[in-house]
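K.L.:
Please find one structure pasted underneath; my questions will follow.
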Amino acid sequence: AVIGRYKLSVQSTLSGTSSPASLGTFVLLFNPWSSGDDVFMPNKAECEEYVLEEFGIIFAGNKNHISSFGWNFGQFQGDILNICLSMLDRSLNYRQDPATDVSHRNDPKYLGRVLSAMVNANDDQGVVLGNWSGNYEGGKSPSSWTGSGEILQNWKKSGFKPVRYGQCWVFAAVLTTVLRCLGIPTRTITNFSSAHDADGNLRVDEFYDASGNHLDRAADSIWNFHVWNESWFSRSDLGPSYSGWQVLDATPQEESGGIYQCGPASRNAIKEGDVDLDYDCPFVFAEVNADCMYWNYDPTTGKKTLIFSKSTTIGQFISTKAVGRDDRVDITNDYKYEEGSRKERDIFKKARKKLGLEDKFDPTAPTPQETDQKPDISGKFTVAGLLEVGKDLNLILVLANLQSDAKTVHVNMTAWSTVYTRRPIREIWKDSISVTLSPKEEKQFPIKIPYTEYQQQLTTDNTIQVTALCHVEGGIQVLVQRDITLDNPAIDIQVLGEAKVNKEVDVEVIFTNPIEMEVMDCVLQVEGNDLLRGILQIDVPPLKASEKSSIKFKLIPFETGPKHLLVNFSCDKFADIKAFKMVNV
């Protein structure tokens, strides 16, 4: 049966005359507890987590430094079911041919694909408008949301105008809410060093100029992280070995079938390199497997020189929240065989072959030009000290001479603020040094970027890309880079007393200003299902250097059980400091 709202009436016949009486309406959903359903999930604990749980944890940061924050999916709150059903009636498919669209609403793979398009605003005036510019005027910054409810409610209230603004985790979290609401088991997945392969050749090209600036000129990119969804259902179209978790991605990256939608791509198909299967497997395969090519680009001549290529960078620490716990679970092995193993390379070749790429340039096979010359030096950035907003950034550039004769190296270094997609936004710092390395010598060069230098340039993602392009006299260039995500200061939540239904309980949120200057425009935003209705917003007075702020408010819980309180604190110097607290009512 198709899901949706049904009218129920009873027909009674009395002495030959029949009169129908309406009994009202009911909503039919998918049922993961029923063995006959396409979304049947045999494990009850997984049903609890992936359908009934309204709180989630989303992983972010970068591969060197994984962070996480809470999210209120809120799929069973207020008007959310109605909004999810109206979303189906606003899709392009429904507008073009309502009868056919409705007749497919018994099929989770159809609905997953349609909803992956509807959650982004592209093509269809969908729910969330994406913005990766670093400038979020005219809307809310993507990192300021703490739950899907506010977004879905705003979409409806505005007469279904796209809500400004979202980035990948917002699209994924909203899609999780909608699919769980309809009874399809769904979770959010974070992929670190995620490839956006725009041209479908399973490789990602990045360009740097002679000064070491990362140029924003390629359609391809490598994101610090990317968040998508997995939903659980059978694939009658592909066969039982491709059933189970399916990748859906509502972030508008590339068009599929002429519109911004992605999936469902069978996770098993991705792991086995079966990229010819529906839907969008090549794009998802590239997100976790593409090879990276780093080029030196001269804007005046347009000449490109390959610096190096790497096949093990992309698709690391693929993460999701554990069932029934707040821990991170690593599922990288469910997406691919071990990096560098024979099997993993065989699958990569199989995928290239299926995509008709086997005759084209293979970045991992050495070309004659590359085998002649190996780099004479190696380099890396290491972190010295804490990576915190408000503290000076201390790094060490470590250069090592791999040869048995001395080398002279000219190093051009830059630091740029970026968004989490590694798109450069503003230059923070640059420097150049010339060094001589004795045979086999390793030297360390401390780098200090004071807080006062980066504070104005930082984006709400708190990310900085540091690059050193090393020109070795008589040798090939060496590119050293590191992506740095700075932590926000901590915020602490205390529930003062026992939380009971319909009884007031005090909550205290404590924040200490860690920097040597005043912070202003402080706002605390609080939400929590069954703990308070709507979103509480509290304006907080300015805080002097090192001053501690205690913000108190009252809750009156209206349901028993474990509930989650989510807070988001912002001011002019720190964007979106998040924390959550489990409250047992």
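The values are calculated or read from the model by the stated rules, or taken from the named source; none is laboratory data. Note that the structure is predicted; figures quoted are calculated from it, not measured. Note: ideal-geometry Cβ built from the backbone for every residue, glycine included; neighbour counts use all protein chains shown. Just so you know, the surface numbers come from the protein's heavy atoms only, side chains and all, with ligands and any DNA or RNA stripped out. Shrake-Rupley method; radii C 1.70, N 1.55, O 1.52, S 1.80 Å.
K.L.:
Between GLU339 and SER18, what is the spin-label point distance in nm, taking each point 7 Å from the Cα along the Cα→C-beta axis?
P.N.:
For the pair GLU339/SER18, the computed spacing is 6.7 nm.
K.L.:
Turning to a different aspect of this structure: Give me the lysines in straight-line cross-link reach of LYS7: C-alpha distance below 25 Å, same-chain residues under 8 apart excluded.
P.N.:
List returned: LYS156.
K.L.:
With charges set only on the Cβ (+1 for Lys and Arg, -1 for Asp and Glu), what does the dipole of region 76-222 come to about its Cα centre, in debye to the nearest 20? Mind dumping the intermediate values first?
P.N.:
Details: 14 positive and 16 negative charges, 137 e Å.
Dipole size: approximately 660 debye.
K.L.:
Dividing the convex hull volume of the Cα atoms of region 498-585 by its residue count, what figure in Å³ per residue is obtained? Walk me through the numbers on the way to the answer.
P.N.:
Values: hull volume 7.1 nm³, N = 88.
Residue-normalised Cα hull volume stands at 80 Å³.
K.L.:
Also, quick follow-up: Give the percent of DSSP beta bridges with both residues in the chain that are antiparallel, rounded to the nearest 5.
P.N.:
Values: 128 of 140 bridges.
Bridges in the chain that DSSP calls antiparallel: roughly 90 percent.
K.L.:
Once label points are set 7 Å from the Cα along Cα→Cβ at both VAL501 and GLN457, what is their separation, rounded to one decimal in nm?
P.N.:
Going from the VAL501 label point to the GLN457 one covers 5.6 nm.
K.L.:
How much accessible area per residue does the chain have, in Å², with a 1.4 Å probe? Walk me through the numbers on the way to the answer.
P.N.:
On the way: 24640 Å² over 585 residues.
Heavy-atom SASA per residue in the chain reads 42 Å².
K.L.:
Grab the DSSP H runs of the chain that are 4 residues or longer, score each as -39,500 (n - 2.57), total them, divide by all residues and round the 222 nm result to the nearest 500 deg cm²/dmol. It would help to have the intermediate numbers written out before the result.
P.N.:
Numbers: 13 runs with 100 residues, N = 585.
After summing the helix terms and dividing by the residues of the chain, the value is -4500 deg cm²/dmol.
K.L.:
Shifting gears a bit: For the pairs LYS321/LYS391; LYS44/LYS336; LYS271/LYS349, flag any whose C-alpha to C-alpha distance is greater than 20 Å. Walk me through the intermediate numbers first.
P.N.:
Values: LYS321/LYS391 30 Å; LYS44/LYS336 27 Å; LYS271/LYS349 13 Å.
LYS321/LYS391; LYS44/LYS336, as the Cα separations exceed 20 Å there.
K.L.:
Can I ask one more? Gain in length, ASP209 to TYR110, computed as 0.36 nm per residue apart minus the alpha-carbon separation, to one decimal in nm?
P.N.:
Working: separation 99, 0.36 × 99 = 35.64 nm, distance 4.50 nm.
Result for the pair: 31.1 nm of gain on full extension.
K.L.:
Relative to the longest principal axis of the C-alpha atoms of the chain, give the angle of the C-alpha long axis of helix 168-181, reported between 0 and 90° and rounded to the nearest 10°.
P.N.:
20 degrees
K.L.:
Can you list which of the trypsin sites (Lys or Arg not before Pro) found in region 418-509 are DSSP loop residues with at most 13 other C-beta atoms within 10 Å?
P.N.:
Values: sites: ARG422, ARG426, LYS430, LYS440, LYS443, LYS448, ARG482, LYS500, LYS503; in loops: ARG422, LYS440, LYS500, LYS503.
Hits after loop and neighbour filter: LYS440, LYS500, LYS503.
K.L.:
Separation of region 511-566 and region 475-493 by C-alpha centroid, Å?
P.N.:
Centre-to-centre distance over Cα atoms comes out at 28 Å.
K.L.:
Then there is this: Along the Cα→Cβ direction, 7 angstrom out, place labels at ASN64 and LEU85. What is the inter-label distance in nm?
P.N.:
5.1 nm
K.L.:
Could you pull out the pairs from LYS552/LYS581; LYS554/LYS581; LYS304/LYS343; LYS380/LYS448; LYS500/LYS548; LYS109/LYS343 whose alpha carbons sit more than 21 Å apart here? Present the calculation step by step, with values, prior to reporting the outcome.
P.N.:
Values: LYS552/LYS581 15 Å; LYS554/LYS581 15 Å; LYS304/LYS343 32 Å; LYS380/LYS448 16 Å; LYS500/LYS548 29 Å; LYS109/LYS343 30 Å.
Cα-Cα > 21 Å for LYS304/LYS343; LYS500/LYS548; LYS109/LYS343; rest within.
K.L.:
Then there's this: Using a simple charge model, +1 on the beta-carbon of Lys and Arg, -1 on the beta-carbon of Asp and Glu, nothing else, what dipole does region 491-584 show about its Cα centre, in debye to the nearest 20?
P.N.:
280 debye
K.L.:
Would you mind checking the tilt of helix 148-157 against the longest principal axis of the Cα atoms of the chain, expressed as 0 to 90 degrees and rounded to 10?
P.N.:
The answer is roughly 60 degrees.
K.L.:
Ordered by packing density, taken as the mean number of other Cβ atoms within 10 Å over each peptide's residues, highest first, how do 522-528, 113-119, 262-268 rank? Walk me through the numbers on the way to the answer.
P.N.:
On the way: 522-528: 21.0, 113-119: 27.1, 262-268: 25.4.
Listed from highest to lowest mean packing, they are 113-119, 262-268, 522-528.
K.L.:
Another question, then. If the chain between SER34 and ARG325 were fully stretched, how many nm would it gain, using 0.36 nm times the residue separation less the Cα-Cα distance? Provide the component values of the computation, followed by the final result.
P.N.:
Values: separation 291, 0.36 × 291 = 104.76 nm, distance 2.48 nm.
Result for the pair: 102.3 nm of gain on full extension.
K.L.:
Sort the following peptides by mean Cβ neighbour count (other Cβ atoms within 10 Å, averaged over residues), highest first: 399-408, 296-305. Don't jump to the answer; show the numbers that get you there.
P.N.:
Details: 399-408: 15.5, 296-305: 11.5.
Ranking the peptides 399-408, 296-305 by packing returns 399-408, 296-305.
K.L.:
Further, regarding this structure: In whole Å, how far is the Cα centre of region 66-116 from that of region 243-275?
P.N.:
17 Å
K.L.:
If you line up the Cα atoms of the chain on their principal axes, what length do they span on each, largest first, in Å?
P.N.:
So the three principal-axis extents are 108, 63, 40 Å.
K.L.:
Okay, moving on. Tell me, what are the semi-axes, in whole angstrom and largest first, of the equivalent ellipsoid of region 140-187 as set by the roots of 5 times the Cα gyration tensor eigenvalues?
P.N.:
Numbers: eigenvalues 68, 38, 12 Å².
After diagonalising the Cα gyration tensor, the semi-axes are 18, 14, 8 Å.
K.L.:
Determine, for each peptide in 155-164, 308-317, 196-205, the mean count of other beta carbons within 10 angstrom over its residues, then list the peptides with the highest first.
P.N.:
Values: 155-164: 16.1, 308-317: 18.4, 196-205: 20.4.
Final packing ranking: 196-205, 308-317, 155-164.
K.L.:
With a cut-off of 8 Å between alpha carbons and a minimum separation of six or more residues, what is the relative contact order of region 16-112 in percent?
P.N.:
Details: 66 pairs, mean separation 13.2, N = 97.
Across region 16-112, relative contact order equals 14 percent.
K.L.:
Expressed in nm to one decimal, what extension gain is obtained for the pair LYS448 and GLU559 from 0.36 nm per residue of sequence separation less their Cα-Cα distance?
P.N.:
Stretched fully, the LYS448-GLU559 segment lengthens by 34.8 nm.
K.L.:
Taking one equal scatterer on every alpha-carbon of region 107-150, how large is log10 of I(q)/I(0) by Debye at q = 0.22, 0.34 1/Å?
P.N.:
For region 107-150, the Cα-only Debye profile gives -0.86, -1.15.
K.L.:
Using a Förster radius of 60 Å, what is the FRET efficiency between LEU8 and GLN403 based on their Cβ-Cβ separation? Nearest 0.05, please.
P.N.:
Numbers: r = 82 Å, r/R0 = 1.36.
That pair, LEU8 with GLN403, gives E of 0.15.
K.L.:
I'd like the carbon and sulfur percentage of the solvent accessible area for the chain, probe radius 1.4 Å, heavy atoms only, ligands and nucleic acids excluded. Before the final figure, lay out each step's value.
P.N.:
Values: 12010 of 24640 Å².
With neighbouring chains kept in place, the figure for the chain is 49 percent.
K.L.:
What's log10 of I(q)/I(0) for region 96-212 at q = 0.12, 0.19 Å⁻¹, Debye sum over Cα points only, no solvent?
P.N.:
Here log10 of I(q) over I(0) equals -0.56, -1.15.
K.L.:
Relative to the longest principal Cα axis of the chain, at what angle does helix 342-354 sit, 0 to 90 degrees, rounded to 10?
P.N.:
With both axes taken from Cα atoms, the answer is about 70 degrees.
K.L.:
Also: Scaled to the compact-protein estimate 2.2 N^0.38 Å, what is the alpha-carbon radius of gyration of region 177-314, rounded to two decimal places? Mind showing how you got there, number by number?
P.N.:
Values: Rg = 17.1 Å, N = 138, 2.2 N^0.38 = 14.3 Å.
Dividing the Cα radius of gyration by 2.2 N^0.38 Å gives 1.20.
K.L.:
Grab the beta carbon distance between LYS552 and ALA45, set R0 = 35 Å, and tell me the FRET efficiency rounded to 0.05.
P.N.:
Working: r = 37 Å, r/R0 = 1.06.
FRET efficiency, LYS552 to ALA45: 0.40.
K.L.:
Would you give the gap between the C-alpha center of region 131-161 and the C-alpha center of region 397-471, rounded to a whole Å?
P.N.:
Going from one Cα centre to the other spans 36 Å.
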